[in-house]
Structure formats: C-alpha cells, structure tokens
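The values are calculated or read from the model by the stated rules, or taken from the named source; none is laboratory data. Here the structure is a predicted model, which is why all the values come from computation and not from measurement. All Cβ positions, glycine included, derive from the backbone under ideal geometry; neighbour counts span all protein chains shown. The area values use the complete protein model at the heavy-atom level, side chains included, leaving out ligands, DNA and RNA. Shrake-Rupley method; radii C 1.70, N 1.55, O 1.52, S 1.80 Å.
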Amino acid sequence: MSVQVKVPPLLRQVTGRLAVVEVDATHVAESLGKLEERFPRIKGHLFDEKGKLKSSIIININGKDMRSLSGLQTPVKSGDVVNILLAHPVIS
Amino acid sequence: MFKTRVTEMLGIEYPIIAGGMAHISRAEFAAAVSNAGGLGIITSANFDSAEELRQEIKKTKSLTNKPFGVNISLFPSVRPLPNDKFVETLIDEGVAAVETSGTRSPAEYFPRLKEAGVKCIHKCAAARHARRAEKDGADMVTVVGFENGGALGMDDVPTMVLLPVTRETVKIPLLAGGGIVNGRGFIAALALGAEGVVIGTGFMATKECPTHPMFKEWMLRSKETDLAVIERSIGLPHRSLRNRAVEQVEEMEARGATFEELAAVVTGENYKKAILDGELDAGMAYCGLAVGLIHHTSTVKEFIDGIIAEASAIAQQIASLGGVAK
C-alpha cells in the first residue's frame, strides 16, 4: 500500500481527472515530488516561481493541517492520506 | 414545547441554533438568539487572536445570561487559525457549546472540550461524516442538506433524504440544516429524524443580524430560483444569491480559471461589501434556497416565536388527521 495523495477538483485538469494518486514516499515533500514527476504541470499550481508552496495550498496529513506538524518535512507512511486543499478565500 | 435531547443537553428553550456564519456571527446577534430561547453562536474565525475572541465572549456574556456557543472553523484557510488557543479560551470563559465545521475532523479538540463540560456539535454535509463525528465523540451532529447556503459539501444530497439516511445510523442527537426557515421546515425536520434545527439564511433577514438593510431587502424580493452554486471547482461549493460577481465566477469556472483568478473575486472583503455594506454586486452573497420563503424581516425573537407557533399549529393539524395512535 502506498501514500494516497488527494487532488482537489480544480487541479484534476492536470492529473487526467484523477482524484487520488498513489505514490511511494517517506515525507510530504517527497509525495508532492512524486506527484509532480507523473504530472509535471501540477508544479505551477502548487509552488510559486521561487519554489515555495503557495499560501493558498493547504495540505492535511490524515486530516491534520501540515502547518501544525512538520510542514513539508512531515513523515508519511504507507496508508497515509495527503490531502491537497485550496484555501477558502472568504475565510482566509 | 418541542423538548428534545438538544434542548436538554444545551439548556435552551427551543431546539433552534443560529449556525456560525463568517463575518456575521458576532456578540450582539448571538446574544439576541440566545435571549430568544435558541442557541446563538460566535464565529471564532472572525478573529485573528484568542484575546479578540475572549473579548467577544465577554461582550456576549454581558448581553445574555443564556447559553451560547462558539464556532471553530476547520475549513482550509491561508491564515492558520489559532484553534488550539480558541478552544483554550472558550473553555476558560465557560462557553456552553462548540460548533465545529469544515473539511477535517474535529476529533483532536473533543477530549479537552468534553472534559471541561463543553457540548460538542459537529456540522457536516454527509451522513458518513456524521457517523465519523459520532465515533470521534461529538455530543450532537448537524447535517446540512443541498438547500443550504454557504458550504454545501460535494454530495448534493437534499435535506429530505440526508436527514433520514443519517438518522438510520447515527444515535446521538441530530440537528438539521438547509432549507429551514419556518414552522413547516422545523416540523418536517423533526419528522425526518432531527431533534433540532440549525438556521443561517432565516436569521440573516432578522433585524439584529448585522447584514445590511439593502441586503435584507434583496433577500425579501429573491425567489428560490435566484441563486447559484459556485466554487465547486475548488472543492468547496457554496450557494449564493445571483449577482454580477457570482456570474463572473460562474463564467470563470466554466472556462477553467485558475485558483488565483478565482481568489481575486471570491474574497472576504468583497463578501463583506455585499452583505455588510450593501454593495450588492461586489462579492459573494451566500444564502440558502429557503430565501424564497422569507417574506418579511422580524426581530430574532419574533422569528423564533413564529417558527414555534407555526410548528405547533401544524403538529396539531397533523394529529387531527387521525394518524396518531391513542
């Protein structure tokens, strides 16, 4: 079993409509890197020109906000769910 | 009248809760709902710090001696919400109830809240999420159907089906949201398995609600067909009264606009302009389908009393049909 990366509807245009992509990874950054290897166009949606994760991209690991864990270095293991979310602009 | 586990657990007169709404659910409005026998809610995401929330709680306490609650947002937001500190503060201030809502589980907050005696209500838009909330320790769960304004969830299941489907598998008290603004909706919700209702749109037209008078007038002349579901592309569909900003978002989503393009229109500032400042075309104007059932403004007390009076009359009318066992 691999890490499941969930993709929000708006970004499925670059994942061939896939809502869930399975990758082998040991931390969040690696999960996103593997996703990018398969779907290179997703990079521009997730990261800014300096390679920093966009502030509008919120990532939950098994339902917990990555920012309250170890950010992109948060460890993940087989069976974990990395959920990519778009921040709601009105709350933000 | 209409005593349920919800009224018992929350210590309120009527099983009617004003669901937490961004930029709307503040002290004066929440206190008005609690004073009228329902449960008013303050939205913590309106504040940047726990100290600001503390001041709002204190203000609410100065306006009512009845129970009220605080909403904790679990929606993804650019600004990391200090929810841990919000929870600590509301426990410290002796708040009666918490309404959690959003896209992630509230489980991490429940142990502390329950130990402090705070009643935990989780608001969601799917039966499976209600089951999860029950398993995680929620005292009550609210399910909002497709008629809802604001966040709808992704399943598009209306209240008429969502409520009984949820009731089949959830044992804790169930609250219904989405499409309920009068006694008919209230009594229907009870018949479908709820023990209380959560209302947003109906309260937005009340005199104590901080929505702009022009927005209230717009609500009164709107029909149930004057709304649109937007923001589905970002995975957070919301329903709004149709205006120029909403039509712009519809067009953008149809052509596959990027998040950044959408976020330039769907902003908190534009939302506030539309609903609080009366610039009706400026931004999103979140509202439920039940806007078509609102024909006049009233005070919060008149609104709640009206629901209860109408529901009582309907209950008697139904009993008179002869279907009630002796």
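Things worth noting here:
- Contacts under 7 angstrom Cβ, first residue in the stretch B:213-240 being away from chain A (no Cβ under 14 Å), partner among the basic types (K, R) and open to solvent by less than 20 Å² (accessible area, probe 1.4 Å), 6 or more apart: B:L227/B:R239
- Of note, B:E231 satisfies the criterion of being modelled with pLDDT under 95 and within 23 Å of the chain's Cα centre (by Cα).
Matching residues to (1) at pLDDT 90 or above; (2) more than 23 Å from B:A22 (Cα to Cα):
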position: A:L46; (1), (2): yes, yes
position: A:G51; (1), (2): yes, yes
position: A:S55; (1), (2): no, no
position: A:I58; (1), (2): yes, no
position: A:K64; (1), (2): no, no
position: A:T74; (1), (2): yes, yes
position: A:K77; (1), (2): yes, yes
position: A:V82; (1), (2): yes, yes
position: A:H88; (1), (2): no, no
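- Residue within the stretch B:267-285 that is in contact with a helix residue (DSSP H, G or I) (Cβ under 6 Å, 6 or more places away or on another chain), under 18 Å from B:G185 (Cα atoms) and away from chain A (no Cβ under 11 Å) present: no
- Filtering the stretch A:48-92 to residues that are surrounded by 15 or more Cβ atoms within 10 Å (Cβ to Cβ), away from chain B (no Cβ under 11 Å) and not in a helix (DSSP H, G or I) leaves A:L53, A:L69, A:T74, A:V76, A:D80, A:V82.
- For the stretch A:21-44, the condition holds for no residue, the condition being that it is within 25 Å of B:E261 (Cα to Cα), hydrophobic (A, V, I, L, M, F, W, C) and within 11 Å of another protein chain (Cβ to nearest Cβ).
- Screening B:A130 on (1) more than 18 Å from B:V157 (Cα to Cα); (2) of a type outside the set (V, I, T); (3) open to solvent by less than 10 Å² (accessible area, probe 1.4 Å) shows it passes everything except condition (1).
- Just one of the numbered conditions (1) open to solvent by 20 Å² or more (accessible area, probe 1.4 Å); (2) more than 11 Å from chain A (Cβ to nearest Cβ); (3) closer than 22 Å to B:G153 by Cβ; (4) touching a helix residue (DSSP H, G or I) at 6+ places or on another chain (Cβ under 9 Å) is not true of B:E253: (2).
- Any hit, the stretch B:169-185, residues being hydroxyl-bearing (S, T, Y) and open to solvent by 20 Å² or more (accessible area, probe 1.4 Å): yes
- If you go through the stretch B:285-306 and pick out every residue that is in contact with a Leu (Cβ under 9 Å, 6 or more places away or on another chain) and part of a loop (DSSP other than H, G, I, E, B), you end up with 7.
- Some residue of the stretch B:13-21 being over 30 Å from B:Q316 (Cβ atoms) and of a type in the set (V, I, T): no
- Selected residue [away from chain A (no Cβ under 14 Å), without any contact (Cβ under 8 Å) to a residue 40 or more places away in the chain and surrounded by 19 or more Cβ atoms within 10 Å (Cβ to Cβ)] from B:T166, B:T142: B:T166
- Pair list, Cβ < 7 Å and 6+ apart or interchain, from the stretch A:1-19 residues that are within 13 Å of chain B (Cβ to nearest Cβ) and within 21 Å of B:P237 (Cα to Cα) to residues that are assigned to a strand (DSSP E or B) and open to solvent by 20 Å² or more (accessible area, probe 1.4 Å): A:K6/A:V20; A:K6/A:V81; A:K6/A:N83; A:P8/A:L85; A:A19/A:K6
- The residues of the stretch B:3-38 that are of a type outside the set (A, V, I, L, M) and either closer than 18 Å to B:A285 by Cβ or open to solvent by less than 40 Å² (accessible area, probe 1.4 Å) (or both), listed by number, are B:T4, B:T7, B:Y14, B:P15, B:G19, B:G20, B:H23, B:S25, B:F29, B:S34, B:G37, B:G38.
- Criterion (open to solvent by less than 30 Å² (accessible area, probe 1.4 Å) and not hydrophobic (A, V, I, L, M, F, W, C)) met by exactly one of B:S49, B:S44: B:S44
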